[in-house]
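Just below is one structure, and these are the notes that go with it.
Taken together, the values in this text are just the output of simple stated rules run on the coordinates, not laboratory data. Please read these numbers as outputs of a predicted model, since none were measured by experiment. Here the Cβ positions follow ideal geometry from the backbone for every residue, glycine too, while neighbour counts run over all protein chains shown.
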Amino acid sequence: MEASLHPWLTNALNVNLTAGQKELLLWHWKLGIGMARIQELMVPHCAKDESGMQDMMPCLITPIFKTAATCPIPLCASCELARARRRPTSLARVVGQPKRVKPHVSPEAHRDNR
Ligand SMILES: [Zn+2]
C-alpha cells in the first residue's frame, strides 16, 4: 500500500506511530471512512438474519499487523482541520467607549516637580 498524502507519516522510520496505527491511517486515507469503523471491519463479527439465525462473519479487511484492529486511533491532520471551528473568546467587545485624552502637562509644571 502506497501513501501519497503524507509519506513521511507512515514511513518505517517514524517512531511516533506503531505499525498498526500506520496501517490504520493508510486504510483511512484509502477508504475515506472513520478509523473506528475500519477497526470494526478488521474483526470478525456475529451477524443475525431475518429468521434469527446467527452466523459468524469473517473480517472484511484483513490487517497486515494484528494490532491495527485494537490500537489507539491516531489523529488525522486532514480530519482535525475539517473539524476545526472558530471558538468564542472570553473577551468582550466594548463599543462607544470615550476616547482617552492625554493630560496636558505644561513644561513649567514639569520643571517644578524636579
Ligand atoms: Zn482523516
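Between helix 19-31 and the chain there is an angle of about 90 degrees, using the helix long axis and the longest principal axis of the Cα atoms. About its Cα centre, the chain has a charge dipole of approximately 1200 debye under the convention of +1 per Lys or Arg Cβ and -1 per Asp or Glu Cβ, with nothing else charged. Applying a 4.7 Å Cβ-Cβ cutoff to the chain leaves CYS46, CYS59, CYS71 as cysteine residues with no disulfide-compatible partner. Anisotropy class assigned to the range 8-58 is prolate, per the alpha carbon gyration tensor with a/c at or over the 1.5 cut-off and a/b larger than b/c. Selection among LEU17, LEU75, LEU31 by position relative to the dipole of the range 1-82 gives LEU17 as farthest towards the positive end (Cβ unit charges, Cα centre).
With contacts taken as Cα pairs under 8 Å and at least 6 residues apart, the range 1-82 reaches a relative contact order of 30 percent. Listing GLU108, GLU23 from fewest to most neighbouring C-beta atoms within 10 Å gives GLU108, GLU23. The coefficient of translational diffusion for the chain, derived via Stokes-Einstein from the alpha carbon Kirkwood radius under 25 °C and 0.890 mPa s, stands at 125 µm²/s.
Going from the residue with the fewest nearby Cβ atoms within 10 Å to the one with the most, LEU60, LEU91 rank LEU91, LEU60.
Ordering of 49-56, 31-38 by packing is 31-38, 49-56, highest average first (other Cβ atoms within 10 Å, averaged per residue).
Within a straight-line Cα-Cα reach of under 25 Å, LYS66 can be paired with the following lysines, leaving aside sequence neighbours fewer than 8 residues apart in one chain: LYS22, LYS30.
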